[in-house]
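The structure under discussion appears below in the form of structure tokens.
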Amino acid sequence: MGSLDIRKKVVRPSDSSHSKYRAWRTATVIRARAMSVRRTALASGLIALTILLIVPQIVLAERQYWSWAGGEQSAIQNIRVGYLNRYPQLPLQENDPKLQALIAYLQDKKSPLVKYAGELSRLPNWKVLLGIAQAESNLCKKTNKNNCWGIGPNNTPLTYNDISESLYYANYLMNKYDQLGMNPQKPETIVKTYVGYEHPGWVNTIHSVFYELAQRGLN
């Protein structure tokens, strides 16, 4: 039986195979570096393109928002003046049982709106305004912008000088919805316009307030 003699071949630097390996390795390294440079350049180009496309849109959106906010604040001031002129003429009994019951309700709820019960009771949309205030700010206990009704674009409530100002504007919106064929007394008809999407919890909260008011004889 013969023996198998396996010897490891030694490649010397002077051998042609060694030179070919070195050339292949050098070419591979050069190609890898070139690919890395191309990837870096491509990534930088994509970042630059993204910045060029997105930044102008952000700037435009911000300008549109501030333009909208400025217009809204101007409208708010006009509405406020109108309501201040109209408020003394709104009917109010000297001993209004609804007002006293409303004050008691807001006191039980520990709501800052108790100070504005007189104004609320004289508005035709007072019940739905209370319901929305409950849904948006827990009857004005969770706001630092005098905005009990969550009024503002993209879930960004606007800041008002006082609660009366936001109350007047919220009531203006209810009147506007009524003119557009919606029924503010049925929150399911205004939820998509007011909130921006279907929100069963928002609607249910308002109906819960309606129920609590009815239990107190406030219909």
Check your understanding: Just checking, how many residues over segment 108-134 are more than 28 Å from the chain's Cα centre (by Cα) and of a type in the set (V, I, T)?
Key -> 0
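Among residues belonging to segment 170-190 that are within 19 Å of the chain's Cα centre (by Cα) and closer than 18 Å to N147 by Cα, point out the one that is surrounded by the most Cβ atoms within 10 Å (Cβ to Cβ). Working first, answer last.
Initial filter on segment 170-190 (within 19 Å of the chain's Cα centre (by Cα)): 170, 173, 190.
Still in the list and also closer than 18 Å to N147 by Cα: 170, 173.
On the way: A170: 22, L173: 19.
If we take residues in segment 170-190 being within 19 Å of the chain's Cα centre (by Cα) and closer than 18 Å to N147 by Cα, then A170 is surrounded by the most Cβ atoms within 10 Å (Cβ to Cβ).
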Check your understanding: Limited to segment 137-165, what total is found for residues that are on the phi < 0 side of the Ramachandran plot, part of a helix (DSSP H, G or I) and free of Cβ contacts under 8 Å to residues at least 40 places away in the same chain?
Key -> 1
Check your understanding: From the list L158, L173, which residue is farther than 18 Å from E119 by Cα and among the aliphatic types (A, V, I, L, M)?
Key -> L158
Review point. Can you tell me how many residues in segment 181-196 are in contact (Cβ under 8 Å) with a residue 12 or more places away in the chain and farther than 13 Å from I206 by Cβ?
Key: 1
Point to revise | Subset of segment 179-196 (residues that are over 17 Å from L130 (Cα atoms) and not in a loop (DSSP other than H, G, I, E, B)) | key: Q179, K192, T193
Review point. Listed residues S208, S164; which is surrounded by fewer than 19 Cβ atoms within 10 Å (Cβ to Cβ), small (G, A, S) and modelled with pLDDT of 95 or more?
Key: S208
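The values are calculated or read from the model by the stated rules, or taken from the named source; none is laboratory data. For clarity, every value in this text was computed on a predicted model and none was experimentally measured. Ideal geometry is used to build each Cβ from the backbone, glycine not excepted, and the neighbour counts take in all protein chains shown.
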